[in-house]
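Novice: Starting off with a structure, shown below.
Computed from the coordinates by the stated procedures, all read-outs in this text should not be read as laboratory data. Remember, it's a predicted structure, so these values are computed and weren't measured experimentally. Positions of Cβ are backbone-derived with ideal geometry, glycine not excepted, and every protein chain shown enters the neighbour counts.
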Amino acid sequence: MSGPIEDSDRVATDLGISAIEVKEGRTTRIGELGILRVLPTKQRRTIGPWCFVDLMSPDDVDRPPPLEIGPHPHIGLATVTWLFGGLVLHSDSLGTQQPIRPGELNLMTAGHGIAHAEEGLETESAERTGGIMGVQMWLAQPDHIRDGQAAFQHLKDLPELEMLGARGRLLIGEYGNDRSEASFEHPAMGLDLQLDSTTAVQTRPEFEYGIAPIDKPVRVEDAIVEPGSIAVVPPGYRQLRFESRSGPARLMMLGGQPLGEEVKMWWNFVARSEDEITSAWRDWQSRNTDRFGDVPSGLERIEAPRPPWLRLRD
């Protein structure tokens with residue numbers, strides 16, 4: 001859980017190596033696609049409002065598997081889809097059918113409930129890049145808005161940042177005088193950063209940050225972070241120094257003001273209690289279209305497993 005900052009005057013200016021923790025992710029699968037899940041991880045559920053980070057990459061780049069994720073539900077979160085390679089068709093219960101390409105951002109807000117599907121499309125570009133590669137991330141909605149209406153945004157024009165030794169694309173939030181048009185209700189930022197050598201990135205001392213290398217190890221201050229791991233940076237830093245010693249490297253930099261709320265996650269639901277999740281599960285199982293509408297997709301609907309706490313009651 002991310003705790004609230006109660007006294008901004010206590011922000012430190014030099015926290016040292018011991019303040020940055022490196023957490024190892026784990027491998028998993030979505031259908032046939034290999035995934036590195038770096039958040040949530042052991043003893044770390046959120047970084048700011050970020051509560052879920054999957055790095056998508058095919059195991060076999062010569063014969064990449066298809067991405068086929070049938071209609072499934074969400075509550076209490078916003079999904080952030082960002083591709084490095086390939087082409088994906090997003091369909092949802094708002095009636096959206098939106099292709100997403102590298103350099104374009106999909107931001108889907110679930111609120112009280114939404115359902116969607118994701119399907120990889122075979123293209124020359126996808127074959128050349130070795131299939132679908134990218135990042136799927138979730139933002140936990142704050143309590144005052146998480147039961148609101150669902151929404152969808154697709155953004156093609158995102159701020160491009162140039163800094164000494166690096167360049168980046170700002171997905172969410174602001175950096176310096178640049179601001180993304182992506183809308184989220186809690187202070188947060190997301191940056192796709194490509195290092196050429198060494199760079200220093202300005203940070204907000206009231207934010208905590210997660211640094212997830214994509215393709216090569218990266219030094220974050222004095223901590224070495226491998227792909228498949230995430231560096232957790234606590235509030236207090238006014239800048240972070242990044243270095244790649246093995247050539248150009250790519251990383252995701254995710255940050256935000258600590259959420260200050262305990263988040264309960266299970267399957268595709270983000271809530272605050274088991275009862276809320278049980279209610280959403282029952283609505284999906286009963287095909288309650290008032291909450292989870294129909295998705296314009298030919299993929300098979302994904303049935304939810306039974307929550308473990310209900311099995312214990314039986």
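Novice: For the charge dipole of the range 192-244, defined by +1 on Lys and Arg C-beta atoms and -1 on Asp and Glu C-beta atoms about the Cα centroid, which residue among Ala231, Gln202, Phe242 has the Cα displaced farthest towards the positive pole?
Specialist: Gln202
Novice: Specify, per residue and in Å³, the volume enclosed by the convex hull of the alpha carbon atoms belonging to the range 14-291. Provide the component values of the computation, followed by the final result.
Specialist: Numbers: hull volume 34.6 nm³, N = 278.
Measuring per residue, one finds 124 Å³ for the Cα hull of the range 14-291.
Novice: What number, rounded to the nearest 500 deg cm²/dmol, is the helix-based mean residue ellipticity at 222 nm of the chain, given -39500 (n - 2.57) per DSSP H run of at least four residues and division by all its residues? If you can, show how the numbers build up before the last one.
Specialist: Values: 3 runs with 24 residues, N = 314.
Here the helix-only value at 222 nm equals -2000 deg cm²/dmol.
Novice: For Gly103, what charge total do you get from the other residues with a beta carbon under 14 Å from its beta carbon, if Lys and Arg give +1 and Asp and Glu give -1?
Specialist: That sum, taken over residues with Cβ under 14 Å, equals +1.
Novice: Under 8 Å for C-alpha pairs, at least 6 residues apart: give me the relative contact order for the chain, rounded to a whole percent.
Specialist: 22
Novice: What is the distance, in nm, between label points placed 7 Å from the Cα along the Cα-to-Cβ direction at Ala200 and at Ser183?
Specialist: 3.7
Novice: What angle do you read, to the nearest 10 degrees and between 0 and 90, between the alpha-carbon axis of helix 274-285 and the longest principal axis of the chain?
Specialist: Compared with the principal axis, the helix lies near 50 degrees.
Novice: Provide the gained length on full extension for the span Ala19 to His144, in nm with one decimal, where the gain is 0.36 nm per separating residue minus the Cα-Cα distance.
Specialist: 41.9 nm
Novice: Send over the per residue convex hull volume for the range 212-251, Cα only, as a whole number of Å³.
Specialist: 64
Novice: When Rg is the radius of gyration of the Cα atoms in the range 64-194 and Rh is its Kirkwood radius, what does Rg/Rh come to?
Specialist: Rg/Rh: 0.98.
Novice: Using r as the Cβ-Cβ distance of Lys216 and Leu121, and R0 as 35 Å, what FRET efficiency do you calculate, to the nearest 0.05?
Specialist: Details: r = 28 Å, r/R0 = 0.81.
Efficiency, rounded to the nearest 0.05: 0.80.
Novice: What lysines does Lys42 reach when the alpha-carbon gap must be under 24 Å and sequence neighbours fewer than 8 apart in one chain are set aside?
Specialist: Lys23, Lys216, Lys264
Novice: Would you tally the net charge around Met137, using a Cβ to Cβ cut-off of less than 12 Å, leaving Met137 out, and scoring K and R as +1, D and E as -1?
Specialist: Charge balance near Met137 sits at -1.
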